[in-house]
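*Asks:* One structure follows; several queries about it will come next.
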Amino acid sequence: MANTASLKIDDKSYELPIITGVEDEVALDISKLRGMSGAITLDPGYKNTGSCSSAITFLDGEKGILRYRGYAIEELAEKADFLEVAFLLIFGELPTKEQYQKFHADIKKQSIVDEDVKKILDAFPKSAHPMGVLSSLTSALTSFNPSSVNVNSEEDMYRAIVKILGKFPVLVAWTLRKKQGLPLDYGDDDLGYVQNILKMMFKSPSGEYKQNKILIEALDKLLILHADHEQNCSTSTVRIVGSSHAGLFASISAGISALWGPLHGGANQAVLEMLEAIKADGGDTKKYMAKAKDKDDPFRLMGFGHRVYKNFDPRAKIIKKAADEVLGDLGVEDPILDIAKGLEKEALEDQYFVDRKLYPNVDFYSGIIYRAMDIPTEMFTVMFALGRLPGWIAQWREMRLNKEPIGRPRQLYVGSPSRSFVPMENR
Ligand code: CMC
């Protein structure tokens, strides 16, 4: 391939360097375009815009490939645990046993949350959505840990990273328990990272929490599948907020808010609500297929379609299989799973969905597993956030280590031309 691409504007020609990635992806470097020509590029939704170079996650939407640091998602979901994958994403290599133990020990040491955070939690109405609560509490961590804001060395970064990995699951568990009117407490340092999360969420105030291997494996898998997805909406948010050197916790709080939306992580809650609505309406999937295709109807088939995957979402394949296994192992029979499968079958055979390359995404089946695990629907997106945390951290760290400039897109102004102020009495 040539080293440059030519761009012609009027009678002037500009050479744009061509950069290729390790998987032969091609990018035109337009970083000097405005300086050379005065022109900018316009790309709403960033459908054609790379915001950074990254060595963390590779995905090929046409071939349905997803790899973290070079390792296939299928292999990681099968063989690794979530903390191992978190280390891999953040630091670039799978941990040795010693590295893993030290990492976990450092996280555990940082898992205590200031008691005053409970007062903030108490101030929320019971009806507050857990994602709003979690975003606020994560932001509040900055005030309780001011030394984590200005990170000037890799050691500072490491301290901030283990702090958030330690405290975030506590905030998640507290958010759930507060909603359920249960006492807020901590986990158990003798447990694995994921086991501890389950215990913190579900232990009854009056009894022992018995670990269930099926639940541990299911949660490990779901968190791994959600752990990173390159420059998606929430991750780009984390990178752009972090690019102002706002600090890790503030950046992650912003990422949580971005994830909340139903077009992004909020889709897992929306999928379950949609499946419930279809069930309550008599299970007529055809009616909802017709609604999804009707351009005058705002309804969309939640859990379908993806900005990047135009073949299939490899995570959805793994989750669909896991949903069958987990429900089978737990002995749960959920009519919602049958509705989901019926809807998927119809959509995959429907010309509208075929033409637009709309396939089930990661969120289509994940809610069914969370429900079988007794996680309330409103907490589904919080579980996504828990899984995405290492990805957000890895991307934030990479951005800081690469000394990326502050994110500040340009715009094309289409408002009123210059005009004079009109006093109120003359308007
Ligand atoms: N149901 C019905 N039609 C759809 C759907 C859907 N779920 N998704 C896309 N379309 C249609 C859309 O109407 C458009 O049709 P036309 O070309 O006739 O105007 C075409 O497909 C392209 O859609 P788009 O909105 O331009 O595509 P996008 O890349 O901007 O949006 C998406 C991607 C994920 C936001 C969208 O597919 C969607 O809203 N899906 C439902 C929400 C969802 O499941 N989100 C989770 C995404 S995966 C997890 C994550 O990353 O957070």
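The values are calculated or read from the model by the stated rules, or taken from the named source; none is laboratory data. It should be emphasised that the depicted structure is a prediction, and the values quoted were computed from it without experimental measurement. Cβ: placed from backbone, ideal geometry, glycine included. Neighbour counts: every protein chain shown. Side chains included, ligands, DNA and RNA excluded: accessible areas come from the protein's heavy atoms. Shrake-Rupley method; radii C 1.70, N 1.55, O 1.52, S 1.80 Å.
*Asks:* Could you check how many percent of all C-alpha pairs in the chain are farther apart than 38 Å?
*Replies:* Across the chain, Cα pairs with separations above 38 Å total 27 percent.
*Asks:* Can you give me the pair-distance distribution of segment 252-382, C-alpha pairs, 5 Å bins, whole percents?
*Replies:* Calculated P(r), rounded to whole percents: 2, 11, 20, 24, 22, 13, 6, 2, 0.
*Asks:* Treat every Asp and Glu Cβ in the chain as -1 and every Lys and Arg Cβ as +1, leave all other atoms uncharged, and give the resulting dipole magnitude about the Cα centre to the nearest 20 debye.
*Replies:* Computed charge dipole of the chain: roughly 1080 debye.
*Asks:* Using Cα springs under 10 Å in a Gaussian network model of the chain, which residue among Ser244, Ser148, Ser206 shows the largest mean-square fluctuation?
*Replies:* Ser206
*Asks:* Mind listing the phi-derived Karplus ³J(HN,Hα) values for segment 143-155, rounded to whole Hz, using 6.51, -1.76 and 1.60 with θ = phi - 60°, and x for any glycine or proline?
*Replies:* Whole-Hz 3J(HN,Hα) from phi for segment 143-155: 5, 7, 9, x, 5, 8, 7, 8, 9, 10, 8, 5, 5.
*Asks:* When the chain is fully extended, how far beyond the present Cα-Cα distance does Arg419 get from Asp43, taking 0.36 nm per residue of separation?
*Replies:* 132.5 nm
*Asks:* Spelling out what I want: for every residue of segment 377-392, take phi, set θ = phi - 60°, compute 6.51 cos²θ - 1.76 cosθ + 1.60 (Karplus), and round to whole Hz; glycine and proline get x.
*Replies:* Here the 3J(HN,Hα) series is 3, 5, 8, 4, 6, 5, 5, 4, 4, 4, x, 6, 3, x, x, 4 Hz.
*Asks:* Take the Cα atoms of segment 37-170, build their convex hull, and give its volume per residue in Å³.
*Replies:* Roughly 217 Å³ of hull volume per residue.
*Asks:* Hey, another quick one. Can you give me the C-alpha center-to-center distance between segment 347-391 and segment 254-314, rounded to a whole angstrom?
*Replies:* After rounding, the separation between the Cα centres reads 9 Å.
*Asks:* About its Cα centre, how strong a charge dipole does segment 353-427 have in debye, to the nearest 20, once Lys and Arg get +1 and Asp and Glu get -1 at the Cβ?
*Replies:* Taking the Cα centre of segment 353-427 as origin, the dipole is about 440 debye.
*Asks:* Using every Cα-Cα pair within segment 205-321, state what percent have a distance larger than 22 Å.
*Replies:* 53 percent
*Asks:* Mean projection of the alpha-carbon convex hull of segment 96-197 over all orientations, in nm²?
*Replies:* So the Cα hull casts an average projection of 7.0 nm².
*Asks:* Still on this structure, please answer the following. Just the number, please: carbon plus sulfur as a percent of the accessible area of segment 142-281, 1.4 Å probe, no ligands or DNA/RNA counted.
*Replies:* Here it works out to 52 percent.
*Asks:* I've got another one for you. For segment 336-387, with all protein chains present and a 1.4 Å probe, just round the carbon and sulfur fraction of the accessible area to a whole percent.
*Replies:* 48 percent
*Asks:* Right, something else. What is the spread of the Cα atoms of segment 35-94 along each of their three principal axes, largest first, in whole Å?
*Replies:* 51, 26, 16
*Asks:* Report D for segment 318-383 in µm² per second (integer): Stokes-Einstein, Kirkwood Rh on Cα pairs, 20 °C, 1.002 mPa s.
*Replies:* Using the Kirkwood radius from Cα pairs, D works out to 168 µm²/s.
*Asks:* Just in segment 203-296: which trypsin sites (Lys or Arg not before Pro) are loop by DSSP and have at most 12 other Cβ atoms within 10 Å?
*Replies:* Those that pass, being in a loop and sparsely packed, are Lys210, Lys295.
*Asks:* While we're on this one: Would you please give the residues with an amide H less than 5 Å from that of Asp185, counting only those at least 5 places away or on a separate chain, with H modeled from the backbone geometry?
*Replies:* So Asp185 has HN proximity to no qualifying residue.
*Asks:* Between His306 and residues 5 or more places away or on another chain, which pairs have amide H atoms under 5 Å apart, with H built 1.01 Å from N, and which residues are they?
*Replies:* Residues meeting the amide H criterion: Tyr359.
*Asks:* For Gln351 and Phe299, what does the FRET efficiency come to when R0 = 25 Å and r is the distance between their Cβ atoms, rounded to the nearest 0.05?
*Replies:* For Gln351 and Phe299, the calculated efficiency is 0.85.
*Asks:* I need the GluC sites (Glu not before Pro) found in segment 68-150, filtered to DSSP loop residues with at most 15 other beta carbons within 10 Å of theirs.
*Replies:* Glu93, Glu115
*Asks:* Modelling each spin label as a point 7 Å along the Cα-to-Cβ direction, I'd like the Ile214/Glu78 distance in nm, to one decimal.
*Replies:* If labels sit at Ile214 and Glu78, their model points lie 2.3 nm apart.
*Asks:* Hey, can you rank 382-389, 340-347 by average C-beta count inside 10 Å, highest first?
*Replies:* Packing order, densest peptide first, comes out as 382-389, 340-347.
*Asks:* Now, a different point. Too long at a 30 Å Cα-Cα cut-off: which of Lys126/Lys310; Lys213/Lys317; Lys279/Lys317; Lys178/Lys210; Lys47/Lys109; Lys47/Lys403?
*Replies:* The pairs that break the limit, which is 30 Å between Cα atoms, are Lys126/Lys310; Lys47/Lys109.
*Asks:* Would you kindly find the accessible area of Asp188, with a 1.4 Å probe and non-protein molecules such as ligands, DNA and RNA excluded, rounding to the nearest 10 Å²?
*Replies:* Roll a 1.4 Å probe over it and Asp188 shows about 50 Å².
*Asks:* For the chain, what is the accessible area per residue in Å² when the probe is 1.4 Å?
*Replies:* About 51 Å² of surface per residue is accessible.
*Asks:* Moving on. With all protein chains present, how much of the accessible area of segment 25-140 (probe radius 1.4 Å) comes from carbon and sulfur, to the nearest whole percent?
*Replies:* 52 percent
*Asks:* Follow-up question, since we're still on this one. Using each residue's phi in segment 220-229, evaluate 6.51 cos²θ - 1.76 cosθ + 1.60 at θ = phi - 60° and report the 3J(HN,Hα) Karplus result to the nearest Hz, with x for Gly and Pro.
*Replies:* Using θ = phi - 60°, the values come out as 3, 5, 4, 5, 4, 5, 9, 4, 7, 7 Hz.
*Asks:* Follow-up. Can you check how the C-alpha radius of gyration of segment 164-213 compares to 2.2 N^0.38 Å, as a plain ratio?
*Replies:* Cα Rg divided by the expected 2.2 N^0.38 Å: 1.06.
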